[in-house]
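In what follows, a single structure is set out as structure tokens and then discussed.
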Amino acid sequence: MNYTAGDIARHIEGELLGDAALVLHEVSSIEAAREGSLVFAENDTYFRKAEASQASCIIVPRTQGSSQKTLIRVDAPRLAFAKALTLYHQPKTATPGVHPSSVLGEHVHLGSMISIGPFVVIGDRVRIGDRAVIGPGCVIGDDCAIGASAVLQPHVTLYDHTRIGSRVLIHAGAVIGSDGFGFTRDNGQHVKIPQIGNVIIEDDVEVGANVTVDRATLGSTVIRRGVKIDNLVQIGHNVTIGEDSLLVAHTGIGGSSTLGRGCILGGQVGVGDYVTLQDGVMVGPQSGIPSRKEIRSGETVLGSPARPIQKTKRQLAALGQLPDLLTEVSRLRKVVDGIQARLEERT
Amino acid sequence: MNYTAGDIARHIEGELLGDAALVLHEVSSIEAAREGSLVFAENDTYFRKAEASQASCIIVPRTQGSSQKTLIRVDAPRLAFAKALTLYHQPKTATPGVHPSSVLGEHVHLGSMISIGPFVVIGDRVRIGDRAVIGPGCVIGDDCAIGASAVLQPHVTLYDHTRIGSRVLIHAGAVIGSDGFGFTRDNGQHVKIPQIGNVIIEDDVEVGANVTVDRATLGSTVIRRGVKIDNLVQIGHNVTIGEDSLLVAHTGIGGSSTLGRGCILGGQVGVGDYVTLQDGVMVGPQSGIPSRKEIRSGETVLGSPARPIQKTKRQLAALGQLPDLLTEVSRLRKVVDGIQARLEERT
Amino acid sequence: MNYTAGDIARHIEGELLGDAALVLHEVSSIEAAREGSLVFAENDTYFRKAEASQASCIIVPRTQGSSQKTLIRVDAPRLAFAKALTLYHQPKTATPGVHPSSVLGEHVHLGSMISIGPFVVIGDRVRIGDRAVIGPGCVIGDDCAIGASAVLQPHVTLYDHTRIGSRVLIHAGAVIGSDGFGFTRDNGQHVKIPQIGNVIIEDDVEVGANVTVDRATLGSTVIRRGVKIDNLVQIGHNVTIGEDSLLVAHTGIGGSSTLGRGCILGGQVGVGDYVTLQDGVMVGPQSGIPSRKEIRSGETVLGSPARPIQKTKRQLAALGQLPDLLTEVSRLRKVVDGIQARLEERT
């Protein structure tokens, strides 16, 4: 599909500087840009690269001056770029229908325009909303509910009683509702505590590939609206993740922990059990939050165990000086011993 | 199902204080308790919360005094709670039978009362014990053996020659018997070392969702009786995990390492190659055990690299004082230099 | 299959010392060796164990002296062992053919001698090379290409437009081409940046079980020839991994990072976004490389954040001395205070 620079400017609500009739064939990275490419440049460095490229049109911040190339000035270039990308690359629409190979349980309620791929297994009393897409090989347990326009990529497993909101996107291989890791001792052996709760995923959540979310022991593990979860993340039983939080790959959240709204956890973060992260807490990559810890709203922490980021950075800097400090103290000790000896001599 | 407080007390071998005829509708968390709920309280904090809740009956330690509410005093409240939960929530029993869509190889031996779900693929010469449940979409390689009452959730893959004990529970997406990560160099390129061993999982093991366990290069990777493995754990080739050990999520065990009985590894622990953890070793979360290291029986270690926990804690505390120490030493140096100058002056 | 020591020596291009007619029934570990076993010993420790074992023949380095047992001297014992193993254990060949249950899209091009297992789903315009094996339950998206002799184990998912080279081996549950983790803010909520690129995996790559590789936002995520990826590794969007690099389990690579040829990353390594590791960089286990960092060719780094390994080791050693240092400085301060007091007194 081709659009003109004028079309694009209108679509992304930008101010056009240059040729409104310019035909743009594609959205591109600056590196791969050709004549007819639309690119974006968030800052001066990228703007210089974009100007030097073959691109025909650049999405830029409002503050950007003029250029030889056609520009579109916007408030948020990255957001505008996402909108332009969506314009050129409409998401593939699945053909509605239920593949004849799929196995459906009793009392299943299917909305309109849904698509169920080959080799899907759906349990009893499952409800699937309008326009939902269930990819090949998915397994949906009994009593699950899937919201309108939700998309499950291949090989997703939902255990019994899982509830998925509208417009949720779950990537391939994710497992939602597996048993929480709960055991108690009896004569040195581990006795399983039955895990009879469920998982609730609210609207507009994205769950990465091969993610695992455990069901609650009692009650629900809850992923609130707008949360985005990267690949291979683990979420324990009875956890609540607040609205619009982001969890980067390989992060693990222990049992009964609660994250507020808008938290951001870097990659490979470990959160213990019964932890509270209040709204807007940011946790640097590979950090560890010990069990039962509470981090206050808006704090940024780093390290294992995690501390306020400035403290951890000061400690890391100090650690770099530690080998020299050891030498220095050893020298000082000799000097002081020498002084003492001289003073003793005199008295 | 409803039970009376008297029924429950008998079932969990507890001492009843209060109304034996009291009808209990459900087991509940303290937060969600209503009239007719049974809850448990391991300590005073939870007991006070339980007393203030709507719960009708509380499972408590033997030492607990009396209450307005009906109490059941037991030796181990958490264990008793697990037993009560099991009473109310009998595990769902799969309907016996082999789904017609499933594909079975030659010389497969199926025990009685087994359940094989849709789209299961079973190789040649596989033996499946009585009452075993193979969930939808599982793939069982040639020459595998699965014990009585074992349960494989959906999408589990067993590579050829895997042996699974009785009452083993494997969660969705787990991969058992994939190739060990073994390569050797030839002219700068990696040549694969064939991985011709297998995996043996003994009785009463639980394996989490999307866990991976590699087959041995030669011989067997062995998970001994009663081991519990959390989600997304990786176990390398030729590893042995001792009886009743617990491995928390995202932990990885390198090739040829051996864990004794009753080891507990926190989340995101990394164990190198050829490591030995003797019986009862505990490893704190995010710790790292370097290759070829041996940790003695009963030790608790923490850190990367891991050290005895007291040592690591002392180091972490000292690290917190390091920035101030740098300032202090700098001050001391000036004082000492001043003293020296004065002494030089006098002589 | 049985071979003589002479057969083996010829096959692995070694020098035979002993009985060329000796019949060898199997390749074995030293621990499990019996009469008729062939083992290998890379160094003196293993050689002594091998000599004390029941093994009949030992593969040894060229420098090894004579023995009671038959020896085969080679340049690279581990490589020779891999070759001998391959001789005894030819990889199982899949029966060619397409299982009738599988669902193929339109315009699919299948090479000769390919094998497609049960419950496989293949999209439109897919090309599969000669002798490729697609295991049970794999899902191949539209417009994918799979090279000759590639093997996909069960439950592998390839999203649309993924390209896989020749002789690539992908283990069970791996997900290739899921969306990159790319969002931008709009009024505090996360807006998805469409991920319209793809993944290219070149020849002779091995991908572990439950690995995830994200597609590029624009362009391609590229895994170059000969790369070996262990289980549960995560590779972000727009990453390039250079030829013959090794990534150990649970390692995560952030978006737009580039690894050169022959890099080796230990287990649980975290690499941020826009990182450059030049050729031959080695990263110790559990290390973290901060975003936008560049590590120069041939460097070995360790720690979180990673530093040159010698520096990190010196810091770790110094950290061990830190608690004593605190005591020492406190003592020194008192001594210095004492000296000062005496000097003040005198003046």
#### Entry: Accessible surface of C:Arg333 - all protein chains present, 1.4 Å probe, nearest 10 Å²
80 Å²
#### Entry: Over 32 Å between alpha carbons, listed pairs A:Lys311/B:Lys228; A:Lys83/A:Lys313; B:Lys92/B:Lys228; B:Lys192/C:Lys192
A:Lys311/B:Lys228; A:Lys83/A:Lys313; B:Lys192/C:Lys192
### Query
Which whole-number value in Å² is the accessible area per residue of region A:97-309, probe 1.4 Å?
31 Å²
### Task
Give the residues of region A:1-23 whose amide nitrogen is closer than 11 Å to a point set 7 Å from the Cα of A:Gln90 in the direction of its Cβ.
A:1
### Message
Can you list the residues in region C:177-198 whose accessible area drops by at least 40 Å² when all protein chains are present, compared with the chain alone? Use a 1.4 Å probe, heavy atoms only.
### Response
C:Phe181, C:Phe183, C:Thr184, C:Arg185, C:Gln189, C:His190, C:Ile193, C:Pro194, C:Ile196
### Message
With a 1.4 Å probe and all protein chains kept in place, how much accessible area does A:Thr95 have, in Å² rounded to the nearest 10?
### Response
110 Å²
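Kirkwood Rh over alpha-carbon pairs of the protein assembly as shown, then Stokes-Einstein at 25 °C and 0.890 mPa s: what D in µm² s⁻¹, rounded to an integer? Don't jump to the answer; show the numbers that get you there.
Values: Rh = 31.2 Å.
Stokes-Einstein gives a translational diffusion coefficient of 79 µm²/s.
Provide the percentage of antiparallel DSSP beta bridges, counting only those with both residues in region A:3-88; round to the nearest 5.
The antiparallel fraction comes to roughly 35 percent.
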### Diffusion coefficient, µm² s⁻¹, Stokes-Einstein with Kirkwood Rh over alpha-carbon pairs of region A:3-88 at 25 °C and 0.890 mPa s
203 µm²/s
### Message
Just to be sure I understand: of the beta bridges DSSP finds with both ends in the protein assembly as shown, what percent are antiparallel, rounded to 5?
### Response
15 percent
#### Entry: Members of region A:93-120 that become less accessible by 30 Å² or more once partner protein chains are added (1.4 angstrom probe, chain alone as reference)
A:Val103, A:Phe119
### Summary
The correct ranking of A:Tyr46, B:Tyr274 by accessible area at 1.4 Å, largest first, is B:Tyr274, A:Tyr46
### Query
For the pair C:Gln189 and A:Arg296, what calculated FRET efficiency results from E = 1/(1 + (r/R0)^6), where r is the Cβ-Cβ distance and R0 = 22 Å, to the nearest 0.05?
0.40
### Task
For region B:3-88, report the accessible area per residue in Å² (1.4 Å probe, heavy atoms, rounded to an integer).
47 Å²
#### Entry: Within straight-line cross-link reach of B:Lys69, aspartates and glutamates at Cα separation under 13 Å, skipping those fewer than 8 residues along the same chain
B:Asp19, B:Glu35, B:Glu51
## Note on the structure
B:Arg125 neighbourhood, Cβ < 9 Å, K/R = +1, D/E = -1, net charge -3
### Query
Net charge near B:Cys57, counting Lys/Arg +1 and Asp/Glu -1 over other residues with Cβ under 15 Å of its Cβ?
0
### Task
Springs between alpha-carbon atoms under 10 Å, Gaussian network over chain B: tell me which of B:Ser287, B:Ser115, B:Ser29 tops the mean-square fluctuations.
B:Ser29
### Task
Any aspartates and glutamates with Cα under 14 Å of the C:Lys293 Cα? List them, leaving off those in the same chain fewer than 8 positions away.
C:Asp273
#### Entry: Fraction of accessible area attributable to carbon and sulfur, chain A (%, probe 1.4 Å)
49 percent
#### Entry: J(HN,Hα) series, region B:137-143, from Karplus relation 6.51 cos²θ - 1.76 cosθ + 1.60, nearest Hz, glycine and proline x
x, 5, 10, 10, x, 5, 6
### Helix-only [θ]222 nm of chain B, DSSP H runs n ≥ 4, -39500 (n - 2.57) each, per residue, nearest 500
-6500 deg cm²/dmol
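Rg over Rh of chain C, using C-alpha atoms and the Kirkwood radius, what does it come to?
Expressed as Rg/Rh, it is 1.16.
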### Task
Would you mind giving the total buried accessible surface between chains A and C, with a 1.4 Å probe and ligands, DNA and RNA left out, rounded to the nearest 100 Å²?
4900 Å²
### Query
How about A:Lys49: which aspartates and glutamates have a C-alpha closer than 13 Å to its C-alpha, ignoring those fewer than 8 places off in the same chain?
A:Glu31
#### Entry: Solvent-accessible ranking of C:Met282, C:Met113, largest area first, probe 1.4 Å
C:Met113, C:Met282
### Query
Say each of B:Ala317 and C:Ala52 gets a label point 7 Å from the Cα, pointing the same way as Cα to Cβ; how far apart are those two points in nm?
4.5 nm
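The values are calculated or read from the model by the stated rules, or taken from the named source; none is laboratory data. Values in this document were obtained by computation on a predicted structure and should not be read as measured data. When we count neighbours, we look across all protein chains shown, and the Cβ atoms used for this are built from the backbone with ideal geometry, even at glycine. Only protein heavy atoms, including side chains, enter the accessible area calculation; ligands, DNA and RNA are left aside. Shrake-Rupley method; radii C 1.70, N 1.55, O 1.52, S 1.80 Å.
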